[in-house]
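Each reported figure results from applying straightforward, stated rules to the coordinates on display, with no laboratory input. What you are looking at is a predicted structure, and each value in this text was computed from that prediction instead of being measured. Cβ atoms come from the backbone with ideal geometry, glycine included; neighbour counts cover every protein chain shown.
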Amino acid sequence: MAPPGSLLLLAIYLVAIVGLVALMLGLSYVLGQAHLAPATVQPYESGMVPVGDAHLHFPAQFYLVAMFFVVFDLEVVFIYAWAIAARDVGLAGYLEMLVFVAILFAALVYLWRVGALDWTPRRRPPPAVSA
């Protein structure tokens with residue numbers, strides 16, 4: 001159970017924080033700029049006026065490749081941790097890491113074979129010409 005004085009200190013701290021936030025918001029409202037020119041509300045990016053819509057549509061392959069990158073990049077953390085402790089884990093750790101890398105390689109080959117890493121659209125065979 002907390003001593004009664006510590007709850008009082010916590011309440012004083014909470015009131016001080018809320019008061020400080022209210023003071024900063026109030027001062028920014030009173031002292032802040034009050035004009036609303038059309039250029040004030042327009043986004044500004046690197047000195048260029050934005051053109052077009054900011055909502056871009058990316059193909060699903062982009063997200064798939066990004067997820068594959070994250071997954072395989074995370075596996076590098078495990079390999080790095082093994083490399084740090086390679087002498088301590090000995091031959092058993094080395095064999096386990098070989099199995100781990102073989103599974104990763106098999107997963108990469110599988111993704112490559114099913115076309116999950118292809119960025120180009122699939123080509124359709126040309127229509128058969130009847131003679």
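Taking Cα centre as origin and charging only the Cβ of basic (Lys, Arg, +1) and acidic (Asp, Glu, -1) residues, the dipole magnitude of the chain rounds to 380 debye. Considering only VAL101, PRO127, VAL89, and ranking their Cα positions along the charge dipole of the chain that arises from unit charges at the beta-carbon of Lys, Arg, Asp and Glu, the one farthest toward the positive end is PRO127.
The ellipsoid equivalent to the alpha-carbon distribution of the chain has semi-axes of 53, 39, 13 angstrom, derived from the gyration tensor eigenvalues as √(5λ) and listed largest first. Among TRP112, TRP119, TRP82, a tally of other beta-carbon atoms within 10 Å of each Cβ gives an order, fewest to most, of TRP119, TRP112, TRP82.
May I ask you to order 6-14, 99-107 by the average number of other C-beta atoms within 10 Å around their residues, highest value first?
The packing order, highest mean first, is 99-107, 6-14.
Sort segment 60-114 into rounded, prolate or oblate with this rule: let a ≥ b ≥ c be the square roots of the eigenvalues of the Cα gyration tensor; rounded if a/c is under 1.5, and if a/c is not under 1.5, prolate when a/b is larger than b/c, oblate otherwise. Oblate.
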